[in-house]
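*Asks:* Would you mind keeping the following structure in view while I ask a few things?
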Amino acid sequence: MSDCIFCKIAAGEIPAKKIYEDDLVVAFHDIRPVAPVHFLVIPKLHIPSMAELQPEHAEVMGRVMTVAAQVARETGCANGYRMIINTGKVGRQEVYHLHVHVVGGPEVLPAMVKY
Ligand code: AMP
Ligand code: ZN
């Protein structure tokens, strides 16, 4: 996707504070962190959201999850963290390239969702 900001980060075409990269995924710091630790893990493959996820994406999504856990261990989330995948309009997704937020730090996080 030529106009997708996360595809451009994956390709190295725009800068990001990358923490980890391999053949399938990239992890980088969120530009507007909401907690002391806030990074994103994305597949290099352009998948718009969880709504488009298919069985053939199992390998890359497995990598997304294991890399998220590894980077969380390495960035000060010893006592836990929250992983969030905002999806579609109801989920208030802003960037339509599937990404996992990992949010944490030393303090206990606020309640998950408030209505
Ligand atoms: P959402 O799609 O609602 O899950 O959120 C998208 C997230 O991407 C937000 O937390 C933004 O701060 C973050 N974001 C947007 N552009 C960039 C960028 N260029 N580098 C890092 N994070 C970004
Ligand atoms: Zn993309």
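*Asks:* Could you tell me which of the residues S49, S2 is exposed (fewer than 15 other Cβ atoms within 10 Å of the Cβ) and polar (S, T, N, Q)?
*Replies:* Numbers: S49 fails: exposed (fewer than 15 other Cβ atoms within 10 Å of the Cβ).
Exactly one of S49, S2 is exposed (fewer than 15 other Cβ atoms within 10 Å of the Cβ) and polar (S, T, N, Q), namely S2.
*Asks:* Let me ask something else about it. Kindly provide the set of residues from the stretch 3-17 that are farther than 25 Å from E59 by Cβ and either in contact with a strand residue (DSSP E or B) (Cβ under 8 Å, 6 or more places away or on another chain) or within 15 Å of ligand 2 (Cβ to nearest atom) (or both), ordered by number. Outline the logic, then answer.
*Replies:* Initially, the stretch 3-17 is screened for residues farther than 25 Å from E59 by Cβ, giving 3, 14-15, 17.
Result: D3, I14, K17.
*Asks:* Would you confirm whether or not the stretch 53-73 contains a residue that is farther than 22 Å from A11 by Cβ and among the hydroxyl-bearing types (S, T, Y)?
*Replies:* yes
*Asks:* Say we look at the stretch 18-41 and pick out the residues that are closer than 12 Å to T75 by Cβ and over 13 Å from the mean Cα position of the chain (by Cα); which of these is farthest from ligand 2 (Cβ to nearest atom)?
*Replies:* In this case the residue turns out to be P36.
*Asks:* So if I check each of E52, E56, which one is at pLDDT 95 or above, among the acidic types (D, E) and within 15 Å of ligand 2 (Cβ to nearest atom)?
*Replies:* On the way: E56 fails: within 15 Å of ligand 2 (Cβ to nearest atom).
Result of the check over E52, E56: E52.
*Asks:* Taking only the stretch 85-112 into account, find how many residues are over 19 Å from C4 (Cβ atoms), surrounded by 16 or more Cβ atoms within 10 Å (Cβ to Cβ) and either at pLDDT 95 or above or within 16 Å of ligand 2 (Cβ to nearest atom) (or both).
*Replies:* Let us first name the residues in the stretch 85-112 that are over 19 Å from C4 (Cβ atoms), namely 90, 102-112.
Of the ones still in play, those that are also surrounded by 16 or more Cβ atoms within 10 Å (Cβ to Cβ) are 102-105.
Checking the rest, the ones that are also either at pLDDT 95 or above or within 16 Å of ligand 2 (Cβ to nearest atom) (or both) come to 102-104.
Summing the residues that are over 19 Å from C4 (Cβ atoms), surrounded by 16 or more Cβ atoms within 10 Å (Cβ to Cβ) and either at pLDDT 95 or above or within 16 Å of ligand 2 (Cβ to nearest atom) (or both) in the stretch 85-112 gives 3.
*Asks:* Six or more apart or on different chains, Cβ under 7 Å: which pairs go from a residue in the stretch 66-82 that's more than 16 Å from V26 (Cα to Cα) to one that's part of a loop (DSSP other than H, G, I, E, B) and not basic (K, R)? Could you list them?
*Replies:* Pairs found: G76/G105; R82/L109.
The values are calculated or read from the model by the stated rules, or taken from the named source; none is laboratory data. What you are looking at is a predicted structure, and each value in this text was computed from that prediction instead of being measured. Using ideal geometry, Cβ is built from the backbone for each residue, glycine included, and neighbour counts are taken over all protein chains shown.
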